[in-house]
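The values are calculated or read from the model by the stated rules, or taken from the named source; none is laboratory data. Here the structure is a predicted model, which means the values were calculated and not measured. Note that each Cβ is placed from the backbone with ideal geometry, even for glycine, and that neighbours are counted across all protein chains shown. Protein only, heavy atoms only, side chains kept; ligands, DNA and RNA dropped before computing areas. Shrake-Rupley method; radii C 1.70, N 1.55, O 1.52, S 1.80 Å.
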Amino acid sequence: GERAVSLESGKACISALRKKNYKVTSFDPKIKNFNCINKKRIDAIFNALHGKDGEDGVAQSYFEYLKIPYTHSGVISSFNAMNKLISKKIFLKNRIKTPKYFSIKRNYKISSINKDLKSKKINYPIIAKPINEGSSLGVELCNNKSDLIKSLKKLLKSYDQLMIEQYIGGQEIQVAVINGKA
């Protein structure tokens with residue numbers, strides 16, 4: 001789902017690394033399996049993959065198996081960060097504020113949605129989203145029951161598990177910090 005983003009990131013990384021006079025070769029796991037990486041010719045992997053198999057620990061597990069250093073978080077932290085349910089549990093355990101939520105699986109009876117929303121004290125607007133996508137893929141903002149039912153029917157055709165979450169409005173701000181400098 002995030003192939004186009006991955007390809008653009010890869011091109012930008014290759015360009016930046018070549019400007020710094022690094023020898024760079026590209027590798028596309030859609031064309032060749034990770035096991036085809038020639039580890040004797042690789043000093044390090046700059047992982048520019050997004051989404052499933054790129055950010056969720058799958059690619060990282062291959063790199064570790066091949067004993068090739070790589071950029072990105074490790075296998076466990078990548079898996080935990082990509083799985084929204086695991087992330088929520090980590091947030092709650094560490095008292096990090098997070099919206100109210102619950103998850104549903106593909107066989108969920110949509111007729112139960114009102115009861116479940118009420119028991120979790122979740123009000124509209126609501127976010128419905130897959131538990132393991134990135135780049136906002138599959139994220140649906142639902143302002144009422146009709147929107148929610150339509151979104152759930154659509155999403156449950158493509159995903160095994162969804163998160164239903166209280167919508168929290170506001171502005172998103174991101175700041176990268178490296179070695180203590182923004």
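Could you tell me what fraction of 2.2 N^0.38 Å the Cα radius of gyration of segment 85-144 comes to, as a two-decimal ratio? Can you show the working numbers first?
On the way: Rg = 12.4 Å, N = 60, 2.2 N^0.38 = 10.4 Å.
After normalising by residue count via 2.2 N^0.38 Å, the value is 1.19.
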> If you rank Lys40, Lys145 by how much accessible surface each has, with a 1.4 Å probe, what is the order from largest down?
Replying inline: Lys40, Lys145
> Helix 84-93 versus the longest principal axis of the chain: what is the Cα-based angle in degrees, 0 to 90, to the nearest 10?
Replying inline: 80 degrees
> For Asp116, Asp43, Asp160, what's the largest-to-smallest order of accessible area, 1.4 Å probe?
Replying inline: Asp43, Asp160, Asp116
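Extension gain Lys67-Glu172, at 0.36 nm per residue separation less the Cα-Cα distance, in nm? Each step should come with its number before you reach the end.
On the way: separation 105, 0.36 × 105 = 37.80 nm, distance 3.69 nm.
Going from the current span to full extension adds 34.1 nm.
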>> Quick query: amide H of His50 versus all other amide H atoms, modeled in the peptide plane; which residues come in under 5 Å with a sequence gap of 5 or more or a different chain?
In response: Ser6
>> For the pair Asn123/Ser135, report the inter-label distance in nm, with labels modelled 7 Å from Cα in the Cβ direction.
In response: 3.6 nm
>> Please list 3J(HN,Hα) in residue order for segment 12-28, calculated via the Karplus relation 6.51 cos²θ - 1.76 cosθ + 1.60 where θ = phi - 60°; whole Hz, with x for glycine and proline.
In response: 5, 5, 4, 4, 5, 5, 5, 4, 8, 6, 8, 7, 10, 10, 9, 9, 10
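How much FRET efficiency would the formula 1/(1 + (r/R0)^6) give for Lys157 and Lys40, where r is the Cβ-Cβ distance and R0 is 41 Å, rounded to 0.05? Spell out each step's value before the answer.
Details: r = 44 Å, r/R0 = 1.08.
For R0 = 41 Å, the calculated efficiency reads 0.40.
For the chain, give the percent of accessible area contributed by carbon and sulfur heavy atoms, probe 1.4 Å, rounded to a whole number. Could you put the intermediate results ahead of the total?
Numbers: 6750 of 12800 Å².
Of all accessible area on the chain, carbon and sulfur atoms account for 53 percent.
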> Points 7 angstrom from Cα along the Cβ direction at Asn94 and Ala12: gap in nanometres?
Replying inline: 2.5 nm
> Which ³J(HN,Hα) values in Hz, rounded to whole numbers, follow from the phi angles of segment 118-124 under the Karplus curve 6.51 cos²θ - 1.76 cosθ + 1.60, where θ = phi - 60° and Gly and Pro get x?
Replying inline: 5, 5, 8, 6, 9, 10, 6
> So for the pair Lys115, Lys145, with labels modelled 7 Å out along Cα→Cβ, what separation do we get in nm?
Replying inline: 1.4 nm
> Residues in segment 30-55 near a label at Arg106, defined as backbone nitrogen under 20 Å from the 7 Å Cα→Cβ point?
Replying inline: 52-53
> Relative contact order (percent) for segment 92-182, with alpha-carbon contacts under 8 angstrom and 6 or more residues of separation?
Replying inline: 37 percent
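For the chain, what mean projected area does the convex hull of the alpha carbons give, in nm²? Write out the running numbers ahead of the final one.
Working: hull surface 52.7 nm².
Directional mean of the projected Cα hull area for the chain stands at 13.2 nm².
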>> As I understand it, the value is the acute angle between the Cα axis of helix 145-158 and the longest principal axis of the Cα atoms of the chain; what does it come to in degrees, rounded to 10?
In response: 40 degrees
